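Bear in mind these aren't lab numbers, they're just calculated from the coordinates by the rules spelled out. Quantities reported herein were computed from a predicted structural model and do not represent experimental measurements. Backbone-built Cβ (ideal geometry, glycine too); neighbour counts: all protein chains shown.
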Amino acid sequence: MKLKLLTMHKHLFLGVEAIGQGAIDGGMSGVYSYPGTPSTEITEFIQENPIAEERNIHRKWSANEKTALETALGMSYAGKRAMSCMKHVGLNVAADIFVNAAMTGVNGGLIVTVADDPSMHSSQNEQDSRFYGKFAMIPVLEPSSQQEAYDMARDGFALSELTKVPVMLRITTRLAHSRAGVARKEVLPENELVMPTDPRQFILLPAIARRKYKGLLESQSLFLKLSEESEYNRYEEGTDHSLGIVACGIAYNYLMEHFPGGICPFSVVKVSQYPLPENHINRLNRECDEILVLEEGAPMVEEMLKGFFSNGTPIKGRLDGTLPRDGELNPDLIAKALGKEMFEGFNIPEVVVNRPPALCAGCGHQDAYLAMNEALADYSKGRVFSDIGCYTLGALPPYETISSCVDMGASITMAKGAADAGLIPSVAMIGDSTFTHSGITGLLDAVNERSSITVVISDNESISMTGGQDSSAFGKIESICIGVGVDPAHIHTIVPLRKNHEEMVRIFREEFAYNGVSVIIPRRECIQRASSRKRNKK
Amino acid sequence: MKSDIILAGVGGQGILSIATALGEAALSDNLLIKQAETHGMSQRGGAVYSHMRISDQPIASDLIPGGTADLILSVEPMESLRYLPYLSETGYLVTNTTPFVNIPNYPEIEAVMAEIRKFPRYIAIDADAIAKEVGSTRASNMVMLGAASPFIDIEFSKIEDGIRTIFGRKGEDVVNMNLEALRRGRQFAEENR
């Protein structure tokens, strides 16, 4: 009876929420993540979910994506189901464990959920995580709808346990942040704690690793068979064989938008599970004169179908200019690819100007930048290396303080490299959470060589860019810096407020002139987090 | 029925409260919904938008195709113009006239209004002023929803129900203020369309 009620009632879920609910309903015992747009709300949904609370599902944030996925693998080792969530560039941080977890395989089901950001709405690149899935040779699921996102998160654990490897669940921004009706299914129980049957399964010593790798290679035929039989993949036969279409993930929706009632004249292979279902693709190749590939992200499938010599069926997509080589897809681009005429809409009047994001009024990063600019006025430009966070907006007017934003933690190490090259002083500007995510090891390198750098850890006691999550760095920054070996005489903490401006400028000046590693910590709580904390108290 | 709506504003203005009220209304009318939101970096005072699609037939795309939107509903005048490429030949533009100035090069408001008035089907309403009259400027988004309601094919009573659902927790007074805001917005649109 309960089950029936659940399936009848539809929930209006964002794609990310559908994944969170699916994972809970799939018997997950722990989620391990680091925030990153557009993946953050999966873990937040689980953190606020009553079933997760009742079951005490692990749901605290990890220090970074690598520690997150490693911990999830540990839970899998002990037989329980775990998920790790991250944005696409987070998978770079976790790449070592990701690829090697495919080698060890799993005990309890393990899903690695990765949210890509084509068109770079909130990211520094638009890399396509399906390549990582292919690289690690594991099954990849790519939902076309919120319902599929729910189903894949719920049933992905069983797929992982069946294939004995981690399964990747890949989404993109639009599915992550779009809402639609989702029907829930029965809530599955969690696994019992069960040790791996093979005690050497997780020991990747070369002799064992070679055996494990052969096993992974042998499993590929099973993964292919599962893809070919998957309910997420299907062949939809059309009447017009001049063109066949491969539509991956959400691109399927953009295609069907142009065929009300779901009746497309062309044959379509809908792909939502990889490896590519060869049966459907081969049939499309046999039956159609040309093939159009629609995929969100990079032309991965297109390249696979095209091969090197391009002697077979003409393949159209992002590589031949039928679709743009970069950026996310949308219904308009697909209409053009299909040769459909559309009303192009009205032009944007010239009076409309850009409204870029900006640091909030009252944000402490602003005070830090104003003081830093004044203290740097005596030096040549281009000395501040920055990092990933709200403070990256210090690249824009009126501050224009920073000269780099590359990856998590690169501020400290790039400053060190520039100082090694003779740019003294060099300055790093990094946030509290980014520091504990990937900054500590870089600081250790600098301390070990007494590099002439000043590291500004702008501490707003929160992971703010993604919405104010708890920071692993909270209350620990000074002790970490001292532990790493920074001279306590060159660690300064100050409250970044206008009234402390002169004091801040003085400290910056002194430490820029110091020939060694110094750390300056402007510390004031993120004003967004402070106000939401006050709201929640009411 | 089908209503494809672009909701527009500036990060922090709360355009998603409009989407939530409309979503509740559509659900209680047994309609299907897809709604794509803007999260992340642009929420820091940048331009934000949401694609809201409501239909009695299955909806394929999460994004509205260009040149097909039935309505642009903007809580800020300049932002109402940013999404014109989405509007259909017969679509309506409904916008608040109170500018949100958080950039140094915000254009002259008269120049913005002149562009809006050039458009054949528009409603330009001072939602903040009306919201103040009914009790709080925080109700201005519901004034905007009311002003857009004549152009959305959902029963008005269902939209009222939606407001009751989402503000119910906050008590009778808040519900009534928002309902009044909604009705005043609708009244203005009916008189000025």
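Summary of values
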| item | result |
| --- | --- |
| Two-site FRET efficiency, A:Asn100 against B:Thr137, from Cβ-Cβ distance with R₀ of 56 Å, rounded to 0.05 | 0.50 |
| By average C-beta atoms within 10 angstrom, highest first, the peptides A:247-253, A:284-290 | A:247-253, A:284-290 |
| q = 0.08, 0.10, 0.13 Å⁻¹, the stretch A:2-229: log10 I(q)/I(0) [Debye, one scatterer per Cα] | -0.26, -0.40, -0.69 |
| Test item: A:172-184 mean partner chain Cβ contacts at 10 Å | 5 |
| Relative packing of peptides B:101-114, A:22-35 - highest average C-beta neighbours within 10 Å first | A:22-35, B:101-114 |
| Cα-projected label distance for A:Ser119 with B:Arg121, points at 7 Å along beta-carbon direction, nm | 2.4 |
| Rounded D (µm²/s) - the stretch A:257-391, Kirkwood Rh over Cα pairs, Stokes-Einstein at 25 °C, 0.890 mPa s | 122 |
| Semi-axis lengths (Å, descending) of the ellipsoid that matches the C-alpha gyration tensor of the stretch A:234-337 | 18, 17, 13 |
| Computed over the stretch A:1-104, the ratio Rg/Rh where both radii use C-alpha atoms and Rh is Kirkwood | 1.00 |
| Mean Cβ neighbour count within 10 Å, used as a protection proxy, ranking B:11-23, A:162-174 highest first | A:162-174, B:11-23 |
| Interchain or long-range residues, amide H under 5 Å from A:Ile453's placed H | A:Gly516, A:Val517, A:Ser518 |
| Other-chain or far-sequence residues with amide H under 5 Å of A:His492's (modelled H) | A:Val519, A:Ile520, A:Ile521 |
| Test item: A:328-335 mean partner chain Cβ contacts at 10 Å | 4 |
| Under Karplus coefficients 6.51, -1.76 and 1.60, residue-wise ³J(HN,Hα) of the stretch A:98-111 in Hz, glycine/proline x | 4, 5, 6, 5, 5, 6, 5, x, 10, 10, x, x, 10, 10 |
| Rounded, prolate or oblate (a/c below 1.5 giving rounded, otherwise prolate when a/b exceeds b/c) for the stretch B:62-157 by Cα gyration tensor | oblate |
| Cα Rg, Dmax (largest Cα-Cα span) when computed across the stretch A:452-530, Å | 13.3, 37 |
| Modelled FRET efficiency - R0 35 Å, B:Ile103 with A:Asp470, Cβ distances, 0.05 increments | 0.65 |
| Residues with amide H under 5 Å from that of A:Gln273, placed H, sequence gap 5 or more | A:Glu142 |
| Pairwise FRET efficiency - A:Met304 versus A:His258, Cβ, R0 = 30 Å, nearest 0.05 | 0.75 |
| Nearest 10 degrees, 0 to 90: helix A:278-287 Cα axis against chain A principal axis | 60 |
| Residue-wise HN-Hα coupling along the stretch B:97-113, computed from phi with Karplus coefficients 6.51, -1.76, 1.60 (Hz; x: Gly, Pro) | 9, 7, x, 10, 9, 10, 10, x, 9, 4, x, 4, 4, 5, 5, 5, 5 |
| For the stretch A:364-532: rounded, prolate or oblate by the Cα gyration tensor [a/c cutoff 1.5] | rounded |
| Alpha-carbon radius of gyration plus Dmax, which is the widest Cα pair, for the protein assembly as shown in Å | 26.9, 81 |
| Shielding score for A:217-225, defined as the mean number of other chain Cβ atoms within 10 Å | 0 |
| Relative contact order %, the stretch A:364-532, counting alpha carbon pairs below 8 Å whose residues are six or more apart | 26 |
| A:Asn354-A:Ile482 pseudo-label distance in nm [points 7 Å out on the Cα-to-Cβ vector] | 4.5 |
| Cα gyration tensor shape for the stretch B:114-175, rounded if a/c is under 1.5, else prolate or oblate | oblate |
